[in-house]
Amino acid sequence: MSSISQKLQAVHDSIHAAALAASRPVDSVMLLAVSKTFGADAVLQAAAAGQRAFGENYVQEALEKMVAVNQLLQTFNVATDKLLLQSPVLEWHFIGPIQSNKTRLIAENFAWVHTIEREKIARRLSEQRPPELPPLQVCLQVNISEEASKSGVSVDQALEVARAIAALPGLKLRGLMAIPEPTDDVARQRAAFRQVRELFSELNAHGLGLDTLSMGMSGDMTAAIAEGATIVRVGSAIFGARTYS
Ligand SMILES: *Cc1c(COP(=O)(O)O)cnc(C)c1O
């Protein structure tokens with residue numbers, strides 16, 4: 001089996017090919033490595049191969065991993081000699097469902113949150129974001145395949161919720177995130193991603209100034225890039241198949 005660095009290289013090659021095929025600059029797509037269920041050792045192997053941004057779905061698992069990674073990376077605050085949880089080297093993105101009792105830990109320890117689907121959660125994250133940190137970079141999750149998934153705001157609600165989030169001082173609304181219904185049919189993959197892009201354009205026509213489309217995973221990133229993804233969230237193609245305990 002190939003190593004994490006080899007698989008990471010293969011994913012970069014796919015991203016480059018998809019960007020070129022779509023006549024997009026190759027650096028217009030950022031790779032978020034989804035490290036959920038994998039340990040600090042896997043994160044460090046990817047980091048050693050140049051990967052900087054990591055996605056996590058579960059708060060407790062993520063915080064334990066950040067501590068372990070930073071201990072190994074020795075990212076101490078030189079002034080206080082305290083271990084930094086917020087690594088200056090790596091960027092952590094929260095991509096899982098958000099419970100309201102977890103918002104403080106998310107606001108304090110992540111750079112990005114992709115999965116905001118309620119104004120109430122956004123408000124808590126904004127209030128709980130430490131003022132010494134830059135605003136939390138966020139995406140509004142939209143529910144494109146409405147019958148298949150329960151997560152995300154409907155297309156109809158998106159403008160109203162996006163406006164409310166954009167007004168919050170502790171957050172910076174960057175764009176939209178979606179997880180369409182999984183399918184091997186590339187035409188259907190593209191149709192779902194196209195809907196997200198069209199909504200993105202519509203919100204920007206209302207002056208929201210969004211620059212991020214977080215869409216595409218291991219199985220559908222090529223279609224997502226063809227439809228304008230700026231962040232692809234890729235787990236198993238980098239780290240291998242996940243096993244849940
Ligand atoms: C797990 C997960 C991914 C990565 O999925 P793969 O199919 O392993 O690439 C991407 N986005 C979200 C929201 C996830 O939960």
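The values are calculated or read from the model by the stated rules, or taken from the named source; none is laboratory data. Here the structure is a predicted model, which is why all the values come from computation and not from measurement. Note that we place each Cβ from the backbone using ideal geometry, even for glycine, and neighbour counts take in every protein chain shown. Side chains are part of the model used for accessible areas, which takes the heavy atoms of the whole protein and leaves out ligands, DNA and RNA. Shrake-Rupley method; radii C 1.70, N 1.55, O 1.52, S 1.80 Å.
Six or more apart or on different chains, Cβ atoms under 9 Å: show the pairs whose first residue is in the range 216-227 and closer than 19 Å to G55 by Cα and whose second is among the hydroxyl-bearing types (S, T, Y) and within 8 Å of the ligand (Cβ to nearest atom).
Cβ pairs passing all conditions: M217/S236; S218/S236; G219/S236.
Kindly indicate the residue of the range 25-71 that is open to solvent by less than 20 Å² (accessible area, probe 1.4 Å), closer than 22 Å to Q9 by Cα and of a type in the set (V, I, T) and also nearest to the ligand (Cβ to nearest atom) among those meeting that condition.
Among them, the one singled out is V34.
Among what's in the range 191-219 and is under 22 Å from R174 (Cα atoms) and within 11 Å of the ligand (Cβ to nearest atom), pick the residue that is most open to solvent (accessible area, probe 1.4 Å).
The qualifying residue most open to solvent (accessible area, probe 1.4 Å) is M217.
Just for the range 172-186: of the residues that are part of a loop (DSSP other than H, G, I, E, B) and more than 17 Å from the chain's Cα centre (by Cα), which one is nearest to the ligand (Cβ to nearest atom)?
Selected residue: P182.
Just a yes or no: is a residue in the range 80-96 of a type in the set (F, W, Y), open to solvent by less than 20 Å² (accessible area, probe 1.4 Å), at pLDDT 95 or above and under 19 Å from A42 (Cα atoms)?
Scanning the range 80-96 turns up at least one residue that is of a type in the set (F, W, Y), open to solvent by less than 20 Å² (accessible area, probe 1.4 Å), at pLDDT 95 or above and under 19 Å from A42 (Cα atoms).
Hey, does the range 136-146 have a residue that's of a type in the set (S, T, N, Q) and buried (at least 23 other Cβ atoms within 10 Å of the Cβ)?
Yes, there is a match, as at least one residue in the range 136-146 is of a type in the set (S, T, N, Q) and buried (at least 23 other Cβ atoms within 10 Å of the Cβ).
For the range 148-171, does any single residue satisfy the condition of being on the phi < 0 side of the Ramachandran plot and within 13 Å of the ligand (Cβ to nearest atom)?
Looking through the range 148-171, at least one residue is on the phi < 0 side of the Ramachandran plot and within 13 Å of the ligand (Cβ to nearest atom).
Return yes when T222 is out of contact with any Leu (no Cβ under 8 Å at 6 or more places or on another chain) and in a loop (DSSP other than H, G, I, E, B) and no when it is not.
no
Can you tell me which residues in the range 175-184 are without any contact (Cβ under 8 Å) to a residue 40 or more places away in the chain and within 18 Å of D211 (Cβ to Cβ)?
Once the filter is applied, which keeps residues that are without any contact (Cβ under 8 Å) to a residue 40 or more places away in the chain and within 18 Å of D211 (Cβ to Cβ), the range 175-184 yields L176, A178.
Restricting to the range 226-239, and then to whatever is more than 9 Å from the ligand (Cβ to nearest atom), in contact with a Lys or Arg (Cβ under 7 Å, 6 or more places away or on another chain) and open to solvent by less than 30 Å² (accessible area, probe 1.4 Å), can you tell me which residue is nearest to R188 (Cα to Cα)?
Only one residue fits best here, namely E227.
Run down S151, S126 and say which single residue is exposed (fewer than 15 other Cβ atoms within 10 Å of the Cβ) and either without any contact (Cβ under 8 Å) to a residue 24 or more places away in the chain or not basic (K, R) (or both).
S151
Quick check, is R242 open to solvent by 20 Å² or more (accessible area, probe 1.4 Å) and near the ligand (Cβ under 8 Å from one of its atoms)?
It is true that R242 is open to solvent by 20 Å² or more (accessible area, probe 1.4 Å) and near the ligand (Cβ under 8 Å from one of its atoms).
Name the single residue that is nearest to the ligand (Cβ to nearest atom) among those in the range 90-117 being in contact with a strand residue (DSSP E or B) (Cβ under 7 Å, 6 or more places away or on another chain) and among the charged types (D, E, K, R).
E117
Please work out which residue is nearest to K172 (Cα to Cα), limiting yourself to the range 88-122 and to residues that are touching a residue at least 40 places away in the same chain (Cβ under 8 Å) and in a helix (DSSP H, G or I).
Here the residue is A122.
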